[in-house]
Amino acid sequence: MYNRELISQLREWKNKKNHKPLVLRGARQVGKTTLVKEFGKEFDAFIALNLEKKEAEIFQRFDDVNDIWQYLQLKHHISSDKKKSVLLFIDEIQEEPKAVAMLRYFYEDLPWLYVIAAGSRLQSLLKRRVSFPVGRVEYLALRPFSFVEYINVFEGEEWRQMLLNQSVPSILHHDMMRHFNQYALIGGMPDAIAEYAESRNAENLSPIYQSLIQGYHEDAEKYAKNEEQVRILRHILSTVWSTASQTVTFGKFGNSNYTSTQIHDGMDLLEKAFLLSLDYPVTATSAPALPAKRRSPKLIMLDSGITNFMADIQTEFLLNKELLDTWRGRAAEQIVAQELRVVLDSHYQESQYFWVRDKQGSTAEVDFIWQNGVHIIPIEVKSGTNSHLRSLHVFVNNCEQHVTAIRVWSGEFSVQDMATAAPNNRPFRLINLPFYYVGQIDKVLRQHAL
């Protein structure tokens, strides 16, 4: 079991005086079950139920959570002492909608019991019109491995702490960037990480990616409302990977004859399955960051490793020294988006945005934005050989407040106080952020933002 950073949030949940049942969300095979089983070792007793198996019948046989608990207590030989900590893990909970409805009664009738529910197809409950009890559950999301988790696997705790503390010395910058480029290539799916840690051969990962894709295609039948939507989902899953980090239009997506509504509904289902996200632009330069839903969203995929495999660009990745020279820079945006998403989760924020200028004929676009209190922080993904910041300058010139901006690049960390080009000459602060620090962006801003 490799260390996952989310376990610290699980411990915070455990230590709450009034903890609610926790729903752990995330795509297939990101490690939800493994994480909860590891967390279960921190309790006096741990019970795991998999509702894809016979254990679903427990919720069919009993209508009262007290009866369910008494049955489990006797079957697993657990003490009736309520001072003992007990974790009940209900995996693949989407297989038994009655179990979902019962979560509220675990909270109300058995408040001392710790309950975690998870499932790889929770969004399939939507077509059965089943939802989690409002106000009676909490949520956390597990994503593919972040770079901090990746570096802990390959270099250990000392390197992990260097990232968390933003204290990577100059002598290790090249090595850390080499690791990040490799991470961007193989992605963060646990099986791919484990295989690469053992073999150090990226070519061995193709069967793992193929198996994951096959599983997503098979799940389409369980997500979809009807046979036509199954076909639509499979079409999207076959074509969507090559559009990673691009703005997309829904109508006739992937050279199909499907309507905008059909594709949008399909992508909405896949977004709920955590396989992709539709990131919309904002046009404001100050808070709040409100999405312009009438504009085209940018498509971000679950994992860079699967994306690279499906786009057949792994060889190109291996032959390039600069991440930004590969796949016209889109691979870099994809991996930065993955890292930002993990930080957003830690701040309980659902949506990720980019910025476009709200002016007819303007092409100014900033890759990402981060809302930092009342300020919007523009984030541009650049390299040392392509350091132009024209769109970022447009953002600064259109902002009435003092601006802190971020350039994500392959160079070392630095902070510059500078100004936009003449005739505006607007001052702003530029944080030059190495790729490997993107996952620490909130900490960096607390220390260096204006």
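Observations
- Options ILE300, PHE147, ASN204, ranked by Cα towards positive dipole end of the chain, top entry (Cβ charges): ILE300
- Tilt relative to the chain, helix 206-223 - C-alpha long axis, 0 to 90 degrees, to 10: 60
- Rounded if a/c under 1.5, otherwise prolate or oblate - the stretch 110-222, Cα gyration tensor axes: oblate
- Net charge of the neighbourhood of ILE369, taken over other residues with C-beta under 13 Å away and scored Lys/Arg +1, Asp/Glu -1, is -2.
- The residues of the chain present an accessible area of 45 Å² per residue when probed at 1.4 Å with all protein chains retained.
- Euclidean distance between Cα centres, the stretch 147-225 to the stretch 61-82, Å: 40
- Cα gyration tensor, the stretch 323-450 - rounded (a/c under 1.5), prolate or oblate: rounded
- The chain: angle of helix 190-199 to the longest principal axis, Cα-based, in degrees nearest 10: 70
- Each Cα pair under 8 Å and six or more residues apart adds its separation to the average, and for the chain the resulting relative contact order is 13 percent.
- Helix 173-186 and the long axis of the chain differ in direction by around 60°, with both axes built from C-alpha atoms.
- Helical content alone sets the calculated 222 nm signal of the chain at -12000 deg cm²/dmol, taking -39,500 (n - 2.57) per DSSP H segment of four or more residues and averaging over every residue.
- Label selected from [x] 44; [y] 30; [z] 36, the criterion being percent of Cα pairs over 37 Å apart as computed here: [y]
- Residue of TRP355, TRP159, TRP241 that the Gaussian network model of the chain assigns the largest fluctuation, springs spanning Cα pairs under 10 Å: TRP159
- Taking the accessible area of the chain, probe 1.4 Å, and keeping the other protein chains in place, the carbon and sulfur fraction comes to 45%.
The values are calculated or read from the model by the stated rules, or taken from the named source; none is laboratory data. Every value quoted in this text rests on a predicted model; they were computed, and no experiment measured them. A quick note on method: Cβ atoms are made from the backbone with ideal geometry, for glycine too, and the neighbour counts reach across all protein chains shown. Note: accessible area is taken over every heavy atom of the protein model, side chains too, but ligands, DNA and RNA are not part of it. Shrake-Rupley method; radii C 1.70, N 1.55, O 1.52, S 1.80 Å.
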